[in-house]
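A short write-up of the structure that comes next.
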Amino acid sequence: MTRFVVTVSLGAILLFLVQPMAARALLPWFGGSAAVWTTCQLFFQLLLLGGYAWTHGLVGRLSPRRQVTAQLTLVVVSALSLALTAAWWGGPVIPGATLRPPDSTYPIARLLLTLLLSVGLPYFALATTGPLLQAWASSSGVSTGSVYRLYAVSNAGSLLGLLAYPFLLEPAAPLRAQGWLWAAGFVAWGVGLTFAGRGLSGETAPKREGSTAPRPLASWLALSAGPVVLLLAVTNHLTQEVAPIPFLWVLPLIAYLLSFIVTFESERWYRRAIVLPVLAVLALGVAGLRSQDIDLPLLLRIAVFVLFLFAACVASHGELARTKPPESQLTGFYAAMALGGAMGGVFAGLLAPTLFSGFYEFELGIVFVLGAIALRQSSRNVIRAAWPLIAVVAMLLLIGTVNNQVGVLASRRDFFGVVRIALSGDGDDETNLLMHGRTVHGAQQRFHRELPTTYYAPESGVGQLLSLERATPRRVGVIGLGIGTLAAYGRPGDVYRFYEISPAVIDYAQSDSFTFLSGSKAKVEVALGDARTTLERESPQAFDVLVLDAFSSDSVPVHLLTREAMRLYASHLAPGGVLALHLSNRSLELVPVASRVGKEVGLVPAVILSQAKSNWALPARWLLLARNSESWAGLAVTDENPPSDVPLWTDDHSSLWRAVRW
């Protein structure tokens, strides 16, 4: 039994260690969008289905000895694929620059293809570990209870892998080194698999035992799909409202995996009398929060949604565990679970972004999960209470959806998030807003359209900088378009070049709802694509001012704040040019990070904190970086010596963990 436990645990650790690692490596290539993580989860869910289907076919058609031969052949081929990618890119797992997308079109397809080439075959081989070794353990005479307990062991290993990445591996090793360590672990897993297969005998395929009990396939699929929909929906919610960082990606997945450990380790752990009432209370609480626009503190917001996800997963997976078949049918059972999970992943990761203009899969997922659990109940009292509860939850969620649409003039969803145009105020104060999640990305007054607003008002750091008198025309670069508010500062002869990754944002900024671009006195250019990728391909632009204002909801994408990125920005500055970084946000303290990176490339920092003085202005925090302090002479600088005693961010080493305002 020991050899099965060790190999299952190592395989599970590697399975879930590589997920945040791959997403972390690819995040800069796709604009720092939170959708990178959910797309990665979809990819790994589909490969998990493939691995389980492989195992089901292997166990059903081949003798134990031939199963071992076929599986080890798959492992050898997978190891060779790692060797090939290492020779091609200079290291395994982490893709090389040859796969970097040239633009922001077809991001999901390109991301899935990159994952397939970099880690697809090894992950597929690892995905077979749990059900295959359970089948081998059963063939070796291990008891049924112990065989199913291996599934809980597998999920415990997965949990360990998830926790190890943000807390141990990511802070300790650069990405290339992480890839080599993972590849070494894969080889060790292959050795363990060889030992686990020793002792299996038999030259004929095993006969599957018949069963008179019907297989509840529809129930298996529903109870597997619902938690995955909620997993991706909660992940979207957290990463849109906070930041796309590995810890917040991992936290919902930890809750998801813990639910498998609780429900499959022992039948004693899942108690309907406890779990279902807790789920009902949490469902009502979450639905109530969604029905009202309540701004909870960061930790409380995270706790409420993750606890609800955990309760929903425990209830769903607990009902699954109650229907698990005899061990002779376990590979089919796991294949059905994987199919349900893949169906949930396809819905939340592919269909929902296409069908919906908002993150409505969360509301649908709640009702679906509650309904699937209710259909599994046999107690009349539980059934009588369940459907009114579901009706109340659905009503609250519908109220929240309707309330969120009040004042919304247009809404679009793409790979980079949900963008909305909303109307606020009345009379002379009517204003069109551009919203990304709950964050305002621009506001233009309907009757004072020429006035810069929000974080870019005249009293803001960038407003003061662009208002300075200048004898010659100014060339300005802006990373992050928003609604193009900064173009309001343009003068005849000036050039304002905006870099924007989201086609939806560009379309809205150029629509009739906003006129900062069309009404600017300067020449305005808009470049579609990730700003860093585009700037790397352009000749030096000689910007007098280069503004970094690229937000993913409420956080600057990490890859735009590294040493390598800062060197790139500095190379595009004219002599005496200024780099202006917008660092206002609710959840992160990024001034020390950006100051440290700026100093690393020879730039001097200064902070300008501004309070709202004009109409529709917002308090703002701007960090200015230049070759010398003379560049901001005449500006109301708040701090010319901002703190910078934090670890240096590079493309290989960066962590938002320490920057979060808990």
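Order of S378, S502 from fewest to most other C-beta atoms within 10 Å?
Starting with the residue having the fewest Cβ neighbours, the order is S378, S502.
For the stretch 72-190, report the translational diffusion coefficient in µm²/s to the nearest whole number, using Stokes-Einstein at 10 °C, 1.306 mPa s, and a Kirkwood Rh over Cα pairs.
The calculation lands on 98 µm²/s.
What is the projected area of the convex hull of the Cα atoms of the stretch 417-659, averaged over all directions, in nm²? Intermediate results must be reported in sequence, preceding the final value.
Details: hull surface 48.9 nm².
The orientation-averaged projected area of the Cα hull of the stretch 417-659 comes to 12.2 nm².
Take every DSSP beta bridge whose two residues both sit in the chain, then give the antiparallel share in percent to the nearest 5.
Details: 33 of 54 bridges.
That works out to approximately 60 percent antiparallel.
Can you sort D426, D549, D494 from fewest to most other Cβ atoms within 10 Å of each residue's own Cβ?
Working: D426 8, D549 26, D494 21.
Lowest to highest Cβ neighbour count: D426, D494, D549.
Kindly give the semi-axes, whole Å and largest first, of the ellipsoid equivalent to the stretch 1-204, taking each as the square root of 5 times a Cα gyration tensor eigenvalue.
31, 17, 15
Write down, largest first, the equivalent ellipsoid semi-axes of the stretch 216-406 in whole Å, where each equals the square root of 5 times an eigenvalue of the alpha-carbon gyration tensor.
Those come to 26, 19, 16 Å.
Express in whole angstrom the spacing between the alpha-carbon centres of the stretch 307-384 and the stretch 21-44.
Cα centres, the stretch 307-384 to the stretch 21-44: 24 Å.
If you average the sequence gap of Cα pairs under 8 Å that are 6 or more apart and divide by the length of the chain, what percent do you get for the contact order?
It comes to 14 percent, rounded to a whole number.
If you wrap a convex hull around the Cα atoms of the stretch 362-403, how much volume per residue is inside, in Å³? Numbers along the way, then the final one.
On the way: hull volume 1.7 nm³, N = 42.
Residue-normalised Cα hull volume stands at 41 Å³.
Only counting other Cβ atoms within 10 Å, I'd like M395, M566, M435 sorted with the fewest neighbours first.
M395, M435, M566
Pop out the ³J(HN,Hα) list for the stretch 641-650 in order, Karplus 6.51 cos²θ - 1.76 cosθ + 1.60 with θ = phi - 60°, rounded to Hz; leave Gly and Pro as x.
For the stretch 641-650, the Karplus-derived couplings read 9, x, x, 8, 8, 10, x, 6, 8, 10 Hz, x marking Gly and Pro.
So who's got an amide H within less than 5 Å of the one on F543, skipping anything under 5 residues away but keeping other chains? H placed 1.01 Å off N, in plane.
Under 5 Å from the amide H of F543: L573, A574.
If you take semi-axes √(5λ) of the Cα gyration tensor in Å from the coordinates, which of [x] 49, 30, 19; [y] 52, 32, 27; [z] 44, 34, 27 do you get?
Computed from these coordinates, semi-axes √(5λ) of the Cα gyration tensor in Å corresponds to label [x].
May I have the pair-distance distribution P(r) for the stretch 463-504, computed from all Cα-Cα distances with 10 Å bins from 0 and rounded to whole percent?
In order of increasing distance, the bins hold 26, 55, 17, 2 percent.
Applying a 10 Å radius around every beta-carbon, put 399-412, 607-620 in order of their mean neighbour count, most first.
607-620, 399-412
Once each part is reduced to its C-alpha centroid, what is the distance from the stretch 401-467 to the stretch 175-196 in angstrom?
The two parts, judged by their Cα centres, are 50 Å apart.
Going by the alpha-carbon gyration tensor, a ≥ b ≥ c the square roots of its eigenvalues, is the stretch 532-604 rounded (a/c under 1.5) or, if a/c is not under 1.5, prolate (a/b greater than b/c) versus oblate?
It is prolate, given that a/c is not under 1.5 and a/b is the larger ratio.
Viscosity 1.567 mPa s, temperature 4 °C: give me the Stokes-Einstein translational D for the stretch 600-641 in µm²/s, with Rh taken as the Kirkwood radius over C-alpha pairs.
Reported coefficient: 114 µm²/s.
Based on the Cα atoms of the stretch 416-471, what semi-axes does the equivalent ellipsoid have, where each is the square root of 5 times one gyration tensor eigenvalue, given in whole Å with the largest first?
24, 16, 8
Relative contact order for the stretch 216-406: what is it in percent, counting Cα pairs under 8 Å that are at least 6 residues apart?
Here the relative contact order equals 40 percent.
Would you kindly derive the ³J(HN,Hα) couplings of the stretch 582-598 from the backbone phi angles with the Karplus curve 6.51 cos²θ - 1.76 cosθ + 1.60 (θ = phi - 60°), listing them in order in whole Hz, with x for Gly and Pro?
Each residue of the stretch 582-598 in turn: 8, 10, 6, 6, 7, 10, 10, 10, 10, 4, x, 5, 5, 4, 4, 5, x Hz.
Where the centre of each part is set by its Cα atoms, how far does the stretch 271-298 sit from the stretch 596-643, in angstrom?
43 Å
Give me, ordered by chain and number, the residues 5 or more places off L548 or on other chains with an amide H under 5 Å from its own placed amide H.
I479, A580, L581, H582
Tell me the relative contact order for the stretch 417-659 as a rounded percent, counting alpha carbon contacts under 8 Å between residues six or more apart. Intermediate results must be reported in sequence, preceding the final value.
On the way: 533 pairs, mean separation 43.8, N = 243.
Computed over the stretch 417-659, the figure is 18 percent.
So for the stretch 352-424, what percent of the C-alpha to C-alpha distances run longer than 14 Å?
Across the stretch 352-424, Cα pairs with separations above 14 Å total 68 percent.
Could you work out how far helix 64-89 tilts from the main Cα principal axis of the chain, as a 0 to 90 degree angle to the nearest 10?
20 degrees
When each pair of different Cα atoms in the stretch 539-662 is counted once in the 1/r mean, what is the Kirkwood radius in angstroms, to one decimal?
14.8 Å
Each value in this text was obtained by applying a stated rule to the coordinates, not by laboratory testing. The shown structure was predicted, so the numbers you read here are calculated from the model rather than taken from an experiment. Please note: Cβ atoms are built from the backbone with ideal geometry, for glycine as well, and neighbour counts cover all protein chains shown.
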